[in-house]
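The values are calculated or read from the model by the stated rules, or taken from the named source; none is laboratory data. Remember, predicted model here, so these are calculated numbers, not experimental data. For neighbour counting, all protein chains shown are included, and Cβ atoms are generated from backbone atoms with ideal geometry for every residue, glycine included. Quick note on the areas: whole protein, heavy atoms, side chains included, nothing else; ligands and nucleic acids left out. Shrake-Rupley method; radii C 1.70, N 1.55, O 1.52, S 1.80 Å.
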Amino acid sequence: MNGQGDLDAVGNIPKPGEAEGDEIDMINDMSGVNDQDGGRMRRTHRRTAYQTQELENFYMENPHPTEEQRYELGQRLNMGVNQVKNWFQNKRNLEKINNDHLENVTLREEHDRLLATQDQLRSAMLRSLCNICGKATNCGDTEYEVQKLMAENANLEREIDQFNSRYLSHPKQRMVSTSEQAPSSSSNPGINATPVLDFSGGTRTSEKETSIFLNLAITALRELITLGEVDCPFWMIDPIVRSKGVSKIYEKYRSSFNNVTKPPGQIVEASRAKGLVPMTCVTLVKTLMDTGKWVNVFAPIVPVASTHKVISTGSGGTKSGSLQQIQAEFQVISPLVPKRKVTFIRYCKEIRQGLWVVVDVTPTQNPTLLPYGCSKRLPSGLIIDDLSNGYSQVTWIEQAEYNESHIHQLYQPLIGYGIGLGAKRWLATLQRHCESLSTLSSTNLTEISPGLSAKGATEIVKLAQRMTLNYYRGITSPSVDKWQKIQVENVAQNMSFMIRKNVNEPGELTGIVLSASTSVWLPVNQHTLFAFISHLSFRHEWDILTNDTTMEETIRIQKAKRHGNIISLLKIVNNGMLVLQEIWNDASGAMVVYAPVETNSIELVKRGENSDSVKFLPSGFSIVPDGVNGSYHRGNTGGGCLLTFGLQILVGINPTAALIQGTVKSVETLMAHTIVKIKSALDLQT
C-alpha cells in the first residue's frame, strides 16, 4: 500500500506537542467468502480496500442491514448480495468472539483478585491478636495453614536431599561441561567479570557450592513470589514519575529482607509489569530454560548468553527444579549505554499445576564496587499462570544493582527508573515475539504479494531478522562480534565509530565496514517521531537514499499487529532500488531498521531460495522515551524521547588496507546532516 493507505495503517501524523488519539485496529479479512449459485462454488474474489472501508462504515451505523439495504450496497460496491450478507455475518461473529474473549479475560482477572484478597484476609486473621491478653485469637483456618507450611517445608527438605544424592555422589556423571552447552566462556572475553562466587573450576561442583546455589535459589524464589503479590507493600508508585519512588522503598525492603548494604556509588533499580502472553505456560518455561531460545526471543535485549553449568535438569520429566548458571550481556540500543555483563543462576519451579516461577539471582560473596559494564542481578524473573486457552498471565519483576557512573547522563533517568532494562521492556518484547509467531502461523503467506511464494515470505522474514540483529550489533558490539572501536580526532559529541574487516564471509560484504552511531534527545514524543520516520510520505525529508523522490511498498508482511511490527520491501521510484525494512512501536520502544538489497538476490529469495547469502549493510533508528516527567508511563504523549541513529557503510574493498580518516569524517557529516533534517522537518530547534 502507499499514499493514504499507509497513512491509515501507521496512524495520522500528529503535530509536535499534540496528543495522539487511540489506535484504530482494523479488521482486514472478510474477503474470500464464496457465493453459491446453482450448487456450484464461485471463485473467491478479494475485495478492494474501498469496498472493505465502505462495508466497515455501514457496519458502524447498522450491523444488521435489511435485504434491501444489502442489495443497494451490493449494487454500489459491485458485489453480490450473498457476498454482502456473508461479510456482515462474519463481521458480527468475529466481534462476538472478541467480546467473549475480553469478557473471559476480565472474569479471570477478577477471579485472581478475589483469590488474592482471600489469601490476605486469611493471613490477617492468622496474625490477629487479642486486644486484652495479647495472645493469638486462633481465627481462620489455622490447621490448614499449618499443614500447608509443613508440606512446603518437607518438599524443600526432600529437594535438598535429592540434590545431595543425585549430584554430590556422582559429580562426573551429573555435571555438564560448558563446552557441551554453549561456546566456552574463553570465547567471550570479559563476560564473567562480575564478582561472583568462583564456580568456574571445571565441571565439578562441590557439596558446599551446590548447597549455596540451591539455598540462594530457594530464597530468591520466595522473595520473587512476595514481590509478585497484588498488594505487595514494598512497591510504591509516584504519581508524577511513576517509578521514582520505587528505589527508596525498595532499599528499605532489601535491608530488612537480607540485611545487605550496597556499596557507595551503586544504584538499585526495580520494576514490575503484568500482562497476557499468547503462549502456554509449559512452552514459555521451556523457552526460558533453553539459553539459545531465550536469546532468540529477547534478541533486542540479550545479544549473547551461554549456559556455564547445568546443575539440575528438573525432576519427573518436567523443568521443575531445573537449576543453571548463566553468563549473559544485556543491552540498550545506544552507544552511550555500556552493555551489562552479568553472571547469575536461573531456577525454575512449578508451585502448583499451571503456576510456575522462573527466578534469576547473582550469587555474590560480599558487597563490592562493580567494575565497568558489570551488574548484579537481584532476584528477578517471572511468575507464570497458565490460563488454559493458549495464553499465560505473566508477572515480570526486574531488579538490578549497578554503577551509574558508567552510563551517560542522557540515559541515566531511562535506566534508573526501570525503563531501559526494566520489566515493561522485557514483557513487551516477549509479547511482540509471541504475537508474531501466532500471526505468521495463521497468515496465508501466499496471498501477501503476487509472485511471492510461502517459502519466499518465510525467507524474507528470516532475512529481516538477520538485518535487525546486525543493526543492533553495529551499535552495541557484543563481545563475540568482530567490531573494533576506533578513536577519531575532533569527533562530534555522543558519536561512536567501529570497524569490521570481512574476508569472504557468507552474507557479508568483503572489505572494511564502518559503523557509526549517535544518540540525541529530541523534544517530541516517541509515537510522533516514529510515525514521521516510518511513513513513506515523509521519507524523502530525511533519507538520502530516496534522492528527494518517493518510495512505494511492494511487499508488506504483518508480524505483530498490536505492536506495529511490519516487514516491508520498499522501492525507490526514480531508480528502482529495493530496500528491506522492519519497524515496530510498542511499550519496549520503537525501531525502524532498513537496508538496500540487490534486486537479483531478492528476486531469488521471493521465489523461495535461501536468504543466507544475501549481502546488505543495515541502518536505522531506535526510539525510547527519555524517562523524564513520567512521559513513558503516560503513553509518552508528552515529554521528549531519545533517538539513536546507526549507519553501516563499506569504506574499502580491501580488508587489509588502512582506514582513511577523511572517510570517517564524511560519514560523521552525513549522520549530523540526517539528524538536522529530521529536526527541521518536525520544526524542532536545531
Size descriptor, Kirkwood hydrodynamic radius, that averages inverse alpha-carbon separations across region 521-588, Å: 12.9 Å
Determine the share of region 452-682's accessible area contributed by carbon and sulfur atoms, expressed in whole percent, with a 1.4 angstrom probe. 53 percent
Of LYS293/LYS341; LYS341/LYS482; LYS319/LYS559; LYS309/LYS341; LYS341/LYS485; LYS485/LYS615, those spanning more than 21 Å from alpha-carbon to alpha-carbon: LYS319/LYS559; LYS485/LYS615
Tell me the accessible surface of GLU489 in square angstrom (1.4 angstrom probe, heavy atoms of protein chains only), to the nearest ten. 150 Å²
Out of every Cα pair in region 475-528, what percent are spaced more than 16 Å from each other? 57 percent
Debye calc, one equal point scatterer per Cα of region 389-492, no solvent, log10 I(q)/I(0) at q = 0.21 1/Å comes to -1.23
Percentage relative contact order, region 452-682, counting C-alpha pairs under 8 Å, at least six apart: 27 percent
What share of all Cα pairs of region 262-435, in percent, falls into each consecutive 10 Å distance bin? 10, 39, 36, 14, 2
Taking 0.36 nm per residue of separation between VAL676 and GLN409 and subtracting their Cα-Cα distance, the length gained on full extension comes to 93.9 nm
Neighbourhood net charge (13 Å Cβ-Cβ; Lys/Arg +1, Asp/Glu -1) for ARG432: +2
Considering only LEU427, ALA328, PRO338, whose Cα is most displaced toward the positive end of the charge dipole of region 286-429, charges sitting on Cβ of Lys, Arg (+1) and Asp, Glu (-1)? ALA328
Dipole in debye (nearest 20) - region 262-435, about Cα centre, beta carbon charges: Lys, Arg +1; Asp, Glu -1: 140 debye
Set the Förster radius R0 to 25 Å, insert the Cβ-Cβ distance between GLN118 and LEU355 as r into 1/(1 + (r/R0)^6), and round the FRET efficiency to 0.05. 0.95
List the residues of region 450-491 whose backbone N lies under 16 Å from a point placed 7 Å from the Cα of ARG607 along the Cα-to-Cβ direction. 450-457, 459-460
Please give the Cα centre distance for region 640-686 versus region 386-429, rounded to the nearest Å. 30 Å
Can you find, among ALA657, ALA587, VAL488, the residue sitting farthest towards the positive end of the charge dipole of region 452-682, where Lys and Arg contribute +1 and Asp and Glu -1 at Cβ? ALA587
Grab the Cα-Cα distance for VAL491 and GLU109, subtract it from 0.36 nm times how many residues apart they are, and report the gain in nm with one decimal. 132.2 nm
Heavy-atom surface of region 452-682, accessible at 1.4 Å and reported per residue (Å²): 38 Å²
Could you give the spread of the C-alpha atoms of region 582-629 along their three principal axes, from largest to smallest, in whole angstroms? 50, 18, 14
Give, rounded to the nearest 20 debye, the magnitude of the charge dipole that region 452-682 has about its Cα centre when Lys and Arg contribute +1 at Cβ and Asp and Glu contribute -1 at Cβ. 360 debye
Considering only protein heavy atoms, what per residue accessible area in square angstrom results for region 262-365 with a 1.4 angstrom probe? 29 Å²
Quick one: divide the alpha-carbon radius of gyration of region 452-682 by 2.2 N^0.38 Å and tell me what you get. 1.02
Can you tell me how much longer the chain between ASN444 and ASN57 gets when fully stretched, taken as 0.36 nm per residue apart minus their C-alpha distance, in nm with one decimal? 136.7 nm
